1. Need pairs with beta-carbon distance below 6 Å; first residue within 18 Å of B:Q475 (Cα to Cα) and within the stretch B:176-203, second surrounded by 24 or more Cβ atoms within 10 Å (Cβ to Cβ) and of a type in the set (K, R); sequence gap 6+ or separate chains.
2. In the stretch B:211-250, which residues are of a type in the set (D, E), touching a residue at least 24 places away in the same chain (Cβ under 8 Å) and within 14 Å of chain A (Cβ to nearest Cβ)?
3. Pick out the one residue from B:V307, B:V273 that is at pLDDT below 95 and either in contact with a Lys or Arg (Cβ under 9 Å, 6 or more places away or on another chain) or among the hydrophobic types (A, V, I, L, M, F, W, C) (or both).
4. Quick one: B:A71 ticks every box in (1) touching a helix residue (DSSP H, G or I) at 6+ places or on another chain (Cβ under 6 Å); (2) surrounded by fewer than 24 Cβ atoms within 10 Å (Cβ to Cβ); (3) outside any helix (DSSP H, G or I) bar one, so which box is it?
5. Suppose the filter is under 30 Å from B:R324 (Cα atoms), of a type in the set (S, T, N, Q) and in contact with a Phe, Trp or Tyr (Cβ under 7 Å, 6 or more places away or on another chain); does B:S209 pass it?
6. List pairs: first in the stretch B:43-65 and buried (at least 20 other Cβ atoms within 10 Å of the Cβ), second assigned to a helix (DSSP H, G or I) and among the aromatic types (F, W, Y), Cβ under 9 Å, 6+ apart or cross-chain?
7. Step by step: first the residues of the stretch B:436-460, then only those that are outside any strand (DSSP E or B) and not polar (S, T, N, Q), then the one that is surrounded by the most Cβ atoms within 10 Å (Cβ to Cβ). Which residue is that?
8. For the stretch A:20-55, what are the residues that are more than 7 Å from every other protein chain (Cβ to nearest Cβ), in a loop (DSSP other than H, G, I, E, B) and of a type outside the set (K, R)?
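The values are calculated or read from the model by the stated rules, or taken from the named source; none is laboratory data. If you're wondering where the values come from, they're calculated on a predicted model, not measured in any experiment. Quick reminder, even Gly has a Cβ in these numbers, built from the backbone with ideal geometry, and neighbours come from all protein chains shown.
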Amino acid sequence: MSLTTQDIERIAHLARIAVTPSDVTDVQAKLAGIFQLIDEMQAVDTRGVEPMSHGLDMVLRLREDAVTETNQRDKFQRNAPAAADGYYLVPKVIE
Amino acid sequence: MSVWNPFATVAETKAALDRKQVSASELAEHYLARAEALNPTLNAYVTLDRDKTLAEARAADARRASGDTAALLGVPVAHKDIYLIDGWRTTCGSRMLENFVAPYTSTVVANMAAAGMVTLGKLNMDEFAMGSSNETSYFGTVKNPWDLTRVPGGSSGGSAAAVAAGLAPASTGTDTGGSIRQPAMFCNLTGLKPTYGICSRYGIIAFASSLDQAGPFARTAEDCALLLNAMAGFDPHDATSLDRPREDYTRNLARPLAGLRIGLPREFFGEGVAPDIARAVDAALDVYRKLGATTVEISLPNVKYSVPAYYVVAPAEASSNLSRFDGVRYGHRAERYDDLLDLYKKSRAEGFGAEVKRRILIGTYVLSHGYYDAYYLQAGKLRRLIAEDFKRAYEVCDLVMGPTAPESAFAFGAKSDDPVKMYLNDIFTICANLTGQPAMSHPCGVDDSGQHVGMHIIGNYLDEARMLNAAHQFQRATDWHTRHPSI
């Protein structure tokens, strides 16, 4: 399987990563090799095999529906590129 | 304190503290001075903070003076820069988090602090733990202290180099596909990836959540047992943390190995393994046999699909985990952008390096509409088949052994242009992440170029005490682990 430049541009858009035409060429070449490796697994007949999503097949725990965390908004927002009055600032979305 | 040996083990350091031959403050000062002197050459540390470290050391000395007997009180440790520590810059080796100051502390670091350990600093790593050579770090490559022209391994390259060079007696790493075991081999250390769920992932920046696991780097198996005692434990903050009583991983160290059955998968000893690596591993297996163990050939027929399955599962989970870096809540934000979408795209394009972007793109593709069954589901089924191979193997053996990596520490640039070549370096280690089993590497010899060879031990779920017992007995009979670079 090989990815076209259109495929790369589409997945880069889905992943929200800006790419230049030269990025696309480089990524296309590298991903071709990687998918050649990945596609080796298509040779295995896995009909009837239950997929394993997790090493220990555990069941997620439930907990009491109670407040356990305290409000640390100011501390967390100190890492924000732009914040004011408790809000994260982004470019205008609605005209 | 007379002259302190920077290559002392954790057990020796603890004993010296207990006998009051040295204080936590003196130890911290000793390792900080070495780190400050040698880090310009090795680049193992990303962040050193003398004031914070010395304050922690003084607090440990005060705890001891007041009668506190915490297990590792005053023993210094350095942490991979993927562990959040409140108030410390935590970069994950990425420009994205160049200025990120952690607002809380990861459970593993908190557990080690409760046991009395003093943080020496934050260690360099491949960006977001994606790499096998520490060449993808935004903060530059880490040099292998044994040979400055070679890589230390990755992704926990700084963790391995720091301990190997005597800039810390022990360190933490994380292992998603071999990121503790392969650098442990390249730097002649003992490194352990515990059973998935033993160490909390809370506060460790996520790469591939179903594979990531925290573990220790040290000079000996005994040290790894002492460190794991401090690191492990149930944590309600991690949904996949195993709810079970704490155990003492040192409890079986002294047991003789008579009767131990070692399985040797023919898939780990075939083509692809450098002949001089195979020779070193064979010689080490002779030591195990002399110690009373028996070996039996086994087969793990589906293990050859580990690397392909991993390069679906890990990028898929990474693409999801790394979607949080949006240039809004934290992390890098591009200086110029047209609108919100452009802000996301440019911030991520600038903040992530090439390898991280490649893996996000692979993950996005394999999870995208129409491809899920062929990739993610098929990889999940292979995971099951690989786990069943091991289940069958444990009917005839107790531990599985082989080389940790197919070749020893390589030169900078040798594989950095060809991702597939780089990925295949993890061919023996990845299976234990896919299945969740514990696995470790310990020094077992050198190859023809004098580079170190690691013995890879894979154990059944929760069988860390048995693995550490085997490695400890091996280390009592050999001296490979006592060698250190002249630096």
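1. From the stretch B:176-203, the pairs are B:G191/B:R181.
2. B:D212, B:D235, B:D238
3. Only one candidate passes the filter, namely B:V273.
4. That leaves (1) as the condition not met.
5. No, not satisfied.
6. Between residues of the stretch B:43-65 that are buried (at least 20 other Cβ atoms within 10 Å of the Cβ) and residues that are assigned to a helix (DSSP H, G or I) and among the aromatic types (F, W, Y), the close pairs are B:T53/B:Y31.
7. Filtering first and then ranking leaves B:P438.
8. A:T20, A:D45, A:G48
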